[in-house]
Structure formats: C-alpha cells, structure tokens
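The values are calculated or read from the model by the stated rules, or taken from the named source; none is laboratory data. Note that the structure is a prediction, hence the values are computed from the model and not measured. Note that each Cβ is placed from the backbone with ideal geometry, even for glycine, and that neighbours are counted across all protein chains shown. What goes into the accessible areas is simple: the full protein's heavy atoms, side chains included, and nothing from ligands, DNA or RNA. Shrake-Rupley method; radii C 1.70, N 1.55, O 1.52, S 1.80 Å.
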Amino acid sequence: MSLLNDTGKYVLLMKRVLVLPDSRKMFFRQFPKELEKLGLQSLPIVIIISVFIGAIMTMQTKLNSANPLLPSYTTGLVTRDTLLLEFSSTIMCLILAGKVGSNIASEIGTMRITEQIDALEIMGVNSAGYLILPKIVAFVVMMPFLVIFSMALGLIGGYGVGLLTTIITTGDYISGIQYAFVPFYVFYSVVKSLFFAFIIASVASYYGYYAYGGALDVGKASTNAVVNASILVLFFNILITSLMLN
Amino acid sequence: MIEVKNVDKSFDGNQVLKNVSAVFETGKTNMIIGQSGSGKTVLMKSIIGLHRIDKGRIEYDGRNLPDMKMKDIRVLRREVGMLFQGSALFDSLTVLENVMYPLEMFSPTSREEMVERAYFCLKQVNLEEKAFGLAPSEISGGMQKRVAIARAIALQPTYLFCDEPNSGLDPVTSLIIDKLIHEITHLFGITTIINSHDMNSVMEIGENIIFIEKGEKTWQGNNKDIFHVHNEALNDFVFASELFKQVKKVNQ
C-alpha cells in the first residue's frame, strides 16, 4: 500500500516537475550552479574510485587467472569489459546515489522544514519545477561525461599496475584492452547512466520534497532517498541490460 | 477584503474548524488569536489555500478560492505576500537577492528597476545597506524578519499574511516588527492577516481581532473592545498574566 502511495505521489510530483519553467531566466541561472554542484563536485570521488578500482580489478584478475592456458591479454580484456559494462555506469551510479542523492534530499528537505518551499508556493511559484527540474536536467547532462571519464580513469588505473608492479606487463595490458573491443558497450553504459541519473536525482528530490518534521526527519529522508534510489538503479540495471544486451 | 463564510475543515474525522465566518478588512491589521491547538493556523492556511476546506467560501474581493483551479490560485498568490514564523528566507541567496526573487520571477521590469524596488522595500523596513549583500544566516533574527517583510511587499501585494511574526524575538524587536507591519498595511492599503498569540501585538496593532476557540469563532472586535468583553475563554486567554489583568483594570 505504501509502495503504491509513494509511486502515485512520485508520478504526480514528476508531473509538476517536467513542465516548462515559470521563468526560463531563473532556470538558466540555476542550471549551471547545479552542473557545478552535482557534476563537477563529483569529479574527485569519481577520479579516486575509478583509478583505484581499475588498478585493483587488474591485480585481482591477474592473480586469479594465473593459468597458462589463458591468453596473456585476458586481464586487460576482463578489466576493460567489467569497467565498460558495469563498473563505470552501475557501480559508479550507486556511489553517486550516495553522494548526490543525499545532497539533493537534504537540501530540498531542509528547504521544506524551514518553510522555504511554502514561501515559494505562496509566491505563486511552481516550487517542484523550480527546485527539482534544474537538478534532474543537470545531473542527466553531466552523467555521461562522468561515466566516460570513469571508464578512462579505470583503464589508466589498470595501466598503472603494469607500470608500477611486476604483476602484469604494460604490453599485455594494452593488448588486452584493445582486443575485441565492442564500441556498443560504451553506448550501452551511457544509455544506462542517463536512466540512473534521472532515477537518482528524481527519487532524492521526491524524498526531500515530502520531508516533514525536523532535522532528524531530513536525515531519514536522505537515507530513504539513497536506499531507494540504489534499489531502483539495480532494478533498472537488470531491465535495461536485458533490453539492450539480449 | 477577504471574507470567510461558514468554513468547515476536518482532518481524519477530527473537525478543526466549525462554521467559521469572518471578514478581514482592507487597510487594517486583522488578527487571528487563540490558544495553541484552537485552529488558528489551520484557518490561516485554509485562507491561503495550503489546506483545502470541506465546506464554505473564502472570497478574495469576491473571488472564491475553493472554486479556483491550481493555475488560477498561483496567479492569485502573486497578489499575496507572506511572512513566515521562521522567516523562510532562501539560504542560497543574499538579503538583496531574496527581496529581488519574486520580482525576477514575475515582474517584467528591467534588472535596474528590480534592484531599485528591492532597495526601496529594504529601506521601508529600515534595514541598513551594509546588510544587503549578506546571507540570511549572517544577520540577526529581527533583521531576517525585516527582510522577509521586504520580500513579502516586493510585488506590492494586495494581501499580507503574517504567521507568528514575533516568535523568537525580544520585546523591543517585536514592537518594531509590529509597528512595521502596521505602517506598511496603512501605507499601501493592504489586507493584512496576522496569526498571533502575542498579547503585546494584540494590544498594540489589533484593529480587527478574531478569537478562535476550539475551532469556532467566538468573538470579533478590536484592541479597545477587548477590555470590555464578557467572553470567559477570551478573558482567560488575553488577560492570563498579572500584568495584563492590571492593564485591564486600569482600562476599565
């Protein structure tokens, strides 16, 4: 019952969000700020996690596939495909669901409990559209760049293992990441990330927008936003994968 | 003028407003008073349209709010200014930007004219110019209230709502805010409705007072009539403190 109620409220909220802004001037003033806050400020975590995961994935793959029957390019190939297919889109989005989702939910939730949203409504502003639309659009626009950036950095991380350790040679690694490359995998990952970006920004906004009570409740809204956005990301991951890769 | 006619409002079967009728006059500071839980906040939120009423009419100069569609309510709300209990200033904007916000959303004027109007409104509430560039968190509670009043009057509203304008303020600042609201109401001919249980405010600026008791309007008058009322609940509420009992004796 609660799920149905939440779904209905979410759909009705999106109906208010996905309309032309009351003031385009205000939208385009807000939009770059959101690009910076949700996208550029996520770069450090994307850089750190992608480089390290790329490196660790290379090391783990190499150490767990020490079989003379496997060709030398296996490690690079596995690292590349894992990064392209899952890590840089799905896992990175789950991490961003935590960072960006909690940021959005707590910001909008605080505005709700301090009556700033009521103030917007009393002024005759479509508060949902004004607050949420720039966030969704900005995050959806930024996400493909973050995903492609993460792919590149993950591959660089793996290359670093070849350079700095004796686990794998850079030659084997490079031939592995070049072997049987399927460009469609990049497209597939980018498409997935667009859906995930929409889910993260809209679900987090929903929990923030309907927060009530005090600071503790904003915290709860933030937690609910992250948990539910993550579950939806995983669910849509299966759905999109079965549609695009089968 | 805002007229409330036979308004009922319930929440989950609990009737909070019972057949409330009242007239809030233009150019006067109209006050809704009553104990906590009496229904005065619900009445104010119903008048603004934040609660949908079960029965009755809420007429803004003849325009019945419950009959309006959301689109029309939004248009009507551009004629409304509101001062919230906690000021509700936008954290991400400076004092000046807060006052300019409604102008930027809805006013077709140039940016220079908007800045000029925002300066005028901030000067009306006696705010020093050095505070204009500060964030709301960098100014005092009293100054925040003044900025909120300036924002509320930026679009030259026909109707001004004030929810507990003195809450959290010291007596001197409360008096300043009361006088400010009173002056602005008279200066611009606004229909002002104030939700309060601050008796100093009631005595100071209550030109049309509505007393709500358990969801019903049981008295209407002004700050002079209030000394001669025989309504027991009202007397218990208004003259609860020894000080106000003495004031009543002197006035009688």
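Observations, loosely collected:
- Test: residue in the stretch B:112-126 that is within 13 Å of chain A (Cβ to nearest Cβ), surrounded by 22 or more Cβ atoms within 10 Å (Cβ to Cβ) and either among the small types (Gly, Ala, Ser) or closer than 24 Å to A:Asn126 by Cβ (or both): no
- Close pairs (6 angstrom Cβ cut-off, 6 or more residues apart or separate chains): farther than 14 Å from A:Met92 by Cβ in the stretch A:179-195, open to solvent by 60 Å² or more (accessible area, probe 1.4 Å) and part of a loop (DSSP other than H, G, I, E, B) anywhere: A:Tyr179/A:Tyr73
- Filter result for B:Ser107 (within 14 Å of chain A (Cβ to nearest Cβ), surrounded by 12 or more Cβ atoms within 10 Å (Cβ to Cβ) and on the phi < 0 side of the Ramachandran plot): yes
- Residues satisfying the stated conditions in the stretch B:217-238, i.e. in contact (Cβ under 8 Å) with a residue 24 or more places away in the chain and surrounded by 15 or more Cβ atoms within 10 Å (Cβ to Cβ): B:Lys217, B:Ile226, B:Phe227, B:Phe237, B:Val238
- Residue within the stretch B:68-81 that is hydrophobic (A, V, I, L, M, F, W, C), touching a strand residue (DSSP E or B) at 6+ places or on another chain (Cβ under 9 Å), in a strand (DSSP E or B) and within 14 Å of another protein chain (Cβ to nearest Cβ) present: yes
- Selection status of B:Ala152, at positive phi, aliphatic (A, V, I, L, M) and either more than 14 Å from every other protein chain (Cβ to nearest Cβ) or crowded, with 21+ Cβ neighbours inside 10 Å (or both): no
- Test: residue in the stretch B:31-44 that is open to solvent by 50 Å² or more (accessible area, probe 1.4 Å) and at pLDDT 90 or above: no
- Extreme residue, nearest to the other protein chains (Cβ to nearest Cβ), among residues of the stretch A:105-144 that are of a type in the set (S, T, N, Q) and open to solvent by less than 10 Å² (accessible area, probe 1.4 Å): A:Gln116
- Residue pairs whose Cβ atoms lie under 7 Å apart, sitting 6 or more positions apart in sequence or on different chains, and linking a residue in the stretch A:101-120 that is among the polar types (S, T, N, Q) to a partner that is open to solvent by 30 Å² or more (accessible area, probe 1.4 Å), are A:Ser102/A:Val226; A:Thr114/B:Gly86.
- One residue stands out among those in the stretch B:82-104 that are among the hydrophobic types (A, V, I, L, M, F, W, C) and facing chain A (nearest Cβ under 9 Å): the one that is nearest to A:Ser23 (Cα to Cα), which is B:Phe90.
- Check on A:Ser175, polar (S, T, N, Q), assigned to a helix (DSSP H, G or I) and open to solvent by 40 Å² or more (accessible area, probe 1.4 Å): yes
Yes or no, residue by residue, for (1) in contact with a Ser or Thr (Cβ under 6 Å, 6 or more places away or on another chain); (2) at negative phi; (3) buried (at least 23 other Cβ atoms within 10 Å of the Cβ):
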{"site": "A:Tyr207", "(1), (2), (3)": "no, yes, yes"}
{"site": "A:Gly213", "(1), (2), (3)": "no, no, no"}
{"site": "A:Ser222", "(1), (2), (3)": "yes, yes, yes"}
{"site": "A:Asn228", "(1), (2), (3)": "no, yes, no"}
{"site": "A:Ile240", "(1), (2), (3)": "no, yes, no"}
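- Condition check for B:Asp54: away from chain A (no Cβ under 13 Å), open to solvent by 40 Å² or more (accessible area, probe 1.4 Å) and within 22 Å of the chain's Cα centre (by Cα): no
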